[in-house]
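Please read the structure below before turning to the comments.
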Amino acid sequence: MVSARERRQEVAYARSRGVSSRRACALLSVARSTLTYRSRLAVRDRPVLTAMRALAAQYPRYGYRRIRIFLARQGHTMSADRTHRLWRAAGLQVPRKRPRRRVAASRPRPRAAQERNHVWAYDFVFDHCANG
């Protein structure tokens, strides 16, 4: 199934290749009335999208649910589904949290010296650092 927007783009491509709009619509089985259609939804959503982008830039760790609360405070009251649709349409997303680096549990620990000159490498490093 192809969306109406994509069908309009196909007709526009055919028209750019020199085919008349009437012929292009007949070939692609598209109603000619869809060529002049302008969505009122895009006009209605434009101010909400700009406010949503501004809030998402201000609060990068907040998702669409919390941004929806801020939008309602600004006067843009809407359902969660509409907020999610606009969030996805704007290409917004919360950045992934990077996991903390943990010390490996299986890493061998340095052994304590058992007798004199048993762990001479540590003494050497310490002496070298202490003398500068």
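The values are calculated or read from the model by the stated rules, or taken from the named source; none is laboratory data. The shown structure was predicted, so the numbers you read here are calculated from the model rather than taken from an experiment. Neighbour counts are summed over all protein chains in view; Cβ atoms, including those assigned to glycine, are modelled from backbone coordinates with ideal geometry. Surface accessibility is based on the protein's heavy atoms, side chains included, excluding ligands, DNA and RNA. Shrake-Rupley method; radii C 1.70, N 1.55, O 1.52, S 1.80 Å.
Quick rundown of the values:
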| read-out | value |
| --- | --- |
| Tyr62 of a type in the set (Phe, Trp, Tyr), surrounded by 13 or more Cβ atoms within 10 Å (Cβ to Cβ) and either over 25 Å from the mean Cα position of the chain (by Cα) or outside any helix (DSSP H, G or I) (or both) | yes |
| Hits in the range 26-46 - residues which are in contact (Cβ under 8 Å) with a residue 12 or more places away in the chain, open to solvent by less than 60 Å² (accessible area, probe 1.4 Å) and either under 32 Å from the mean Cα position of the chain (by Cα) or closer than 16 Å to Met78 by Cβ (or both) | Thr34, Leu35, Asp45 |
| His76 surrounded by 14 or more Cβ atoms within 10 Å (Cβ to Cβ) and closer than 30 Å to Val2 by Cα | no |
| Which listed residue, of Leu92, Leu49, is open to solvent by less than 70 Å² (accessible area, probe 1.4 Å), in contact (Cβ under 8 Å) with a residue 40 or more places away in the chain and outside any helix (DSSP H, G or I) | Leu92 |
| Any hit, the range 107-116, residues being at pLDDT 70 or above and within 30 Å of Ile67 (Cβ to Cβ) | no |
| Residues being farther than 24 Å from Gln9 by Cα and hydroxyl-bearing (Ser, Thr, Tyr) - total across the range 29-88 | 7 |
| Check on Arg22, touching a Lys or Arg at 6+ places or on another chain (Cβ under 8 Å), surrounded by fewer than 13 Cβ atoms within 10 Å (Cβ to Cβ) and part of a helix (DSSP H, G or I) | yes |
